[in-house]
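Here is the structure we will look at.
The values are calculated or read from the model by the stated rules, or taken from the named source; none is laboratory data. Treat the numbers as computed from the prediction; the structure is a model and nothing was measured. Quick reminder, even Gly has a Cβ in these numbers, built from the backbone with ideal geometry, and neighbours come from all protein chains shown.
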Amino acid sequence: MQRCHLLSLKPLLILCLLLLLTSCLPGRVIEARGVLHGDLVWQGVVQVAGDVVLAEDSHLTIRPGTQILFLPPGEDDLFLEHPYFPGSELIVKGRITAIGLPEAPIVFASIDPDAAAGSWGGINIEGSPEAIFEYCLFRQADSAVHSREAQVYIEESIFEDNLVAIRFHSTEILIEHNLLRNNHAAIRFHFGSPVICENRFADNRVNLFITSHPRDYRIENNTFGATSDYQVIFGEEVPEDVRLSGNYWELKDAEALQATFYDGQRADYLGRVLVNPVRTSPASRTGPSWSR
């Protein structure tokens, strides 16, 4: 009798096993909501609905080729005021490891491929001990990567068509071998300890927006292309000079280049952008090793 009972459960057990295996398949569409805990793996297509929080005890691994698509704002868009942004966003309080491949980058974008910049909030990193992004593509965000008091590594990635590509406050951050193009602002930071090296900036409105007291920074061997507004803007709390020597500027005329800086030449309470000596040619490994 008991054996017959177990046999009757066999189809149900097989069904459960198949469902479990199906959940691991790369092609499956997963919808992420609410607060997430523990060790997580995302692959295939993941739709982020509203503000999804990776709790302090979480470690999210995103596999190569995964598409993280952010849904339009809805009732799950709980955090709207700064330091958060309108629209669906991923709020990272634990760890995140997003390492793609040149032939299979990880994509972070709006679910609507034609949506404008600012259609989703961003990846909001809060006190994370480690956030790693390599071979990733970020599109259409308000602030694609926004970090506060965290350790962040961004390499071999492309940021395009965002309001702000990379934005941080009081963060130890490595930004190396990336392409930042067609953003309203490529990099915007407040305090922070950034290493920004061997990146390519192209066709942004503003390449660097420094809002307050930069410290312990290294910004060199980058290629700064043309902008529609300014190469560099200082906020009201930047009374100190900022060293940007050792970079390559596509605008080679010194006087014309100075005109693209909003610094002490325009407001006497601000410091100055110091560019000399400039590179006479781009660094050999400027930008990512892949393109899309």
Note on the range 246-273: residues exposed (fewer than 14 other Cβ atoms within 10 Å of the Cβ) and not in a loop (DSSP other than H, G, I, E, B) are 254, 255, 256
Within the range 274-292, how many residues are surrounded by fewer than 14 Cβ atoms within 10 Å (Cβ to Cβ) and touching an Asp or Glu at 6+ places or on another chain (Cβ under 7 Å)? 3
Take residue 75 and decide whether it is acidic (Asp, Glu), part of a loop (DSSP other than H, G, I, E, B) and at pLDDT 70 or above. no
Kindly check whether there is at least one residue in the range 175-190 that is modelled with pLDDT under 95 and farther than 20 Å from residue 70 by Cβ. yes
Scope the range 217-242; condition surrounded by fewer than 16 Cβ atoms within 10 Å (Cβ to Cβ) and either without any contact (Cβ under 8 Å) to a residue 24 or more places away in the chain or not acidic (Asp, Glu) (or both); matching residues: 218, 226, 228, 235, 239
Any chance residue 175 is more than 18 Å from residue 97 (Cβ to Cβ), touching a Pro at 6+ places or on another chain (Cβ under 7 Å) and of a type in the set (A, V, I, L, M, F, W, C): no
Which residues, taken from the range 163-192, are in contact with a His (Cβ under 7 Å, 6 or more places away or on another chain) and among the aliphatic types (A, V, I, L, M)? 163, 164
